[in-house]
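Report on the structure given below.
The values are calculated or read from the model by the stated rules, or taken from the named source; none is laboratory data. Worth saying up front: this structure is predicted, and the values here are computed from it rather than measured. Every residue, glycine among them, receives a Cβ derived from its backbone with ideal geometry; neighbour counts consider all protein chains shown. When the accessible area is computed, the model is the full protein with side chains, heavy atoms only, and any ligands, DNA or RNA have been set aside. Shrake-Rupley method; radii C 1.70, N 1.55, O 1.52, S 1.80 Å.
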Amino acid sequence: HSVKEVDQDLYVILTDPTYFMLNTNKSPGESDGQLRLLTNKLYGRSHHMAKLTNAYDELSKRGGGSEMIIISGSSGAGKSALLQHFKASVVGRECYFLCCRFQQLQQTEPLSAIISAFSCLCNDIISKDAETLHLTRKAVKEVLGTEGEVLANLIP
């Protein structure tokens, strides 16, 4: 754009701010001045993604184990989008990813965040092939024994 076009656009923004948001009189493919964000892209989160990736890589170098990372922030800050993007980046690798959110309105329900996390994990596990499901079920039974029944009652 030329300086003159930018100046004109700024003038329109000042005098008619809805123009760029609501103007649909342009033909398809023609720039209509509307801001379009890609839904599968994170904006301004490369530093946070790098921290998550580094933690995952370090865990992988150690040959496995578990790691807990707590992400906090204001409502609407993009925490869930960050985690969804990170989870998509590790899909297919040999790992399980538990993610939950603490819902302030569910404070009275004991262990609600943990139950939510394990419910998501169970959904991931049952989406695997039959052999993986069988091996996972067997490993869980070996580790938990009869205590597994308590978890089965808590996690839908």
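Odds and ends about this structure:
- When Leu111, Leu42 are compared by accessible area of protein heavy atoms, the largest-first order is Leu111, Leu42, using a 1.4 Å probe.
- Percent RCO, i.e. relative contact order, over region 43-143, from Cα pairs under 8 Å lying at least 6 residues apart: 17 percent
- Charge tally in the Cβ shell below 14 Å around Leu98, where Lys, Arg are +1 and Asp, Glu are -1, Leu98 excluded: 0
- Nonpolar atom fraction for region 83-156, defined as the carbon and sulfur part of the 1.4 Å probe accessible area, stands at 58 percent.
- Accessible heavy-atom area order of Thr18, Thr146, Thr108, Thr136, highest first, probe of 1.4 Å: Thr108, Thr146, Thr18, Thr136
- In terms of accessible area, using a 1.4 Å probe and ignoring ligands and nucleic acids, Met49, Met68 rank largest first as Met68, Met49.
- Modelled label positions at Val90 and Glu67, each set 7 Å beyond Cα in the direction of Cβ, lie 0.7 nm from each other.
- Surface calculation, 1.4 Å probe, protein heavy atoms: Ser127 sits at approximately 90 Å² accessible.
- Tyr56 accessible area, assembled protein chains, probe 1.4 Å, Å²: 40 Å²
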